[in-house]
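The values are calculated or read from the model by the stated rules, or taken from the named source; none is laboratory data. What you see is a predicted model; the values in this text were computed from it and never measured. Here the Cβ is made from the backbone with ideal geometry for all residues, glycine too, and neighbour counts use every protein chain on show. The protein model used for the area step is the full one, side chains on, heavy atoms only, and it has no ligands, DNA or RNA in it. Shrake-Rupley method; radii C 1.70, N 1.55, O 1.52, S 1.80 Å.
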Amino acid sequence: ALEQLRKDERLLRSFKDGRAAGPAFLVDYAFLFAALLDLYEADADPFWLHQARSLQDTLDTHYADELGGGYFNNADDHERLLAREKPGQDGAVPSGNSVAALNLLRLAELTGDDRYPERASMLFSAFHETLTRAPTALSEMLLALEFELEPTKEIVVIQPASGGDLAPMLAPLRSTHLPNRILVVATEGDDLSAHSAAVPLVAGKIAQAGKATAYVCENRTCEHPTTDPEIFAGQLRPPAL
């Protein structure tokens, strides 16, 4: 279905009755990108992460403002306009640049690729004046800025090759408000190898004692792995003030 939204590796704007048409804008890429990262966490399939990286490559090639930072609304090969808008205000629907900022930071945490935090830094610089003088105009970008400035939990859950119910181990994560985090769920074997190739943090992690095992890390430094949901829940909680 995703391929139906593309033509020559470029995203199209609209889809109806089995047909896609029109060149996509920044907001189309940014929101689909965010959805793909959410799918990667929910579905545990590296395919979604690879697709998200492909969208980011297109944004960087055709939409990025290489001098001023951030992204233009339309591609460099779009129809000629008097000026290329660079969306920089959040309303009921966040701007493409605000969504793109958080996408870049999430992707940086997952892949460890230095290109993504550099792009995010340039984006924040592009909107520095607005963020300083009228921050509520970019409320969604403030969430991305918080993700950048605050510690991020890097969470990996490994399921044994024999399978088993992951629900008890994932329950604490689903009941904890933890906006600054990334999540990878993988099963030992070929699936774990595929995730490790896409997300270096996953490499070397195993399911202990034949049970689903959680690893909670910050800055690539991990706490002791656990098979106990209660201990996992404690590792997810922020430190007491």
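Residues in region 85-105 include none that are more than 19 Å from the chain's Cα centre (by Cα) and assigned to a helix (DSSP H, G or I). Would you say Leu131 is touching a Lys or Arg at 6+ places or on another chain (Cβ under 6 Å), of a type outside the set (Gly, Ala, Ser), part of a helix (DSSP H, G or I) and at pLDDT 95 or above? Against the criterion (touching a Lys or Arg at 6+ places or on another chain (Cβ under 6 Å), of a type outside the set (Gly, Ala, Ser), part of a helix (DSSP H, G or I) and at pLDDT 95 or above), Leu131 does not qualify. As for region 153-175, it holds no residue that is open to solvent by 50 Å² or more (accessible area, probe 1.4 Å), under 14 Å from the mean Cα position of the chain (by Cα) and under 19 Å from Ile231 (Cβ atoms). Beta carbons closer than 9 Å, at least 6 apart along the sequence or on distinct chains, pair a first residue in region 130-145 that is among the hydroxyl-bearing types (Ser, Thr, Tyr) with a second that is in a helix (DSSP H, G or I) and open to solvent by less than 60 Å² (accessible area, probe 1.4 Å) for Thr130/Ala137; Thr130/Leu138; Thr130/Met141; Ser139/Ser98. Return a yes/no flag: does region 46-54 have any residue that is open to solvent by 40 Å² or more (accessible area, probe 1.4 Å) and part of a loop (DSSP other than H, G, I, E, B). The answer is no, given that none of the residues of region 46-54 is open to solvent by 40 Å² or more (accessible area, probe 1.4 Å) and part of a loop (DSSP other than H, G, I, E, B). Remark: pairs (first residue in region 4-33, farther than 12 Å from Ala75 by Cα; second residue open to solvent by 80 Å² or more (accessible area, probe 1.4 Å) and in a helix (DSSP H, G or I); Cβ separation under 6 Å; 6+ apart in sequence or on different chains) = Ala20/Gln4. For Lys7, the requirement of being touching a strand residue (DSSP E or B) at 6+ places or on another chain (Cβ under 9 Å) and open to solvent by 80 Å² or more (accessible area, probe 1.4 Å) is met.
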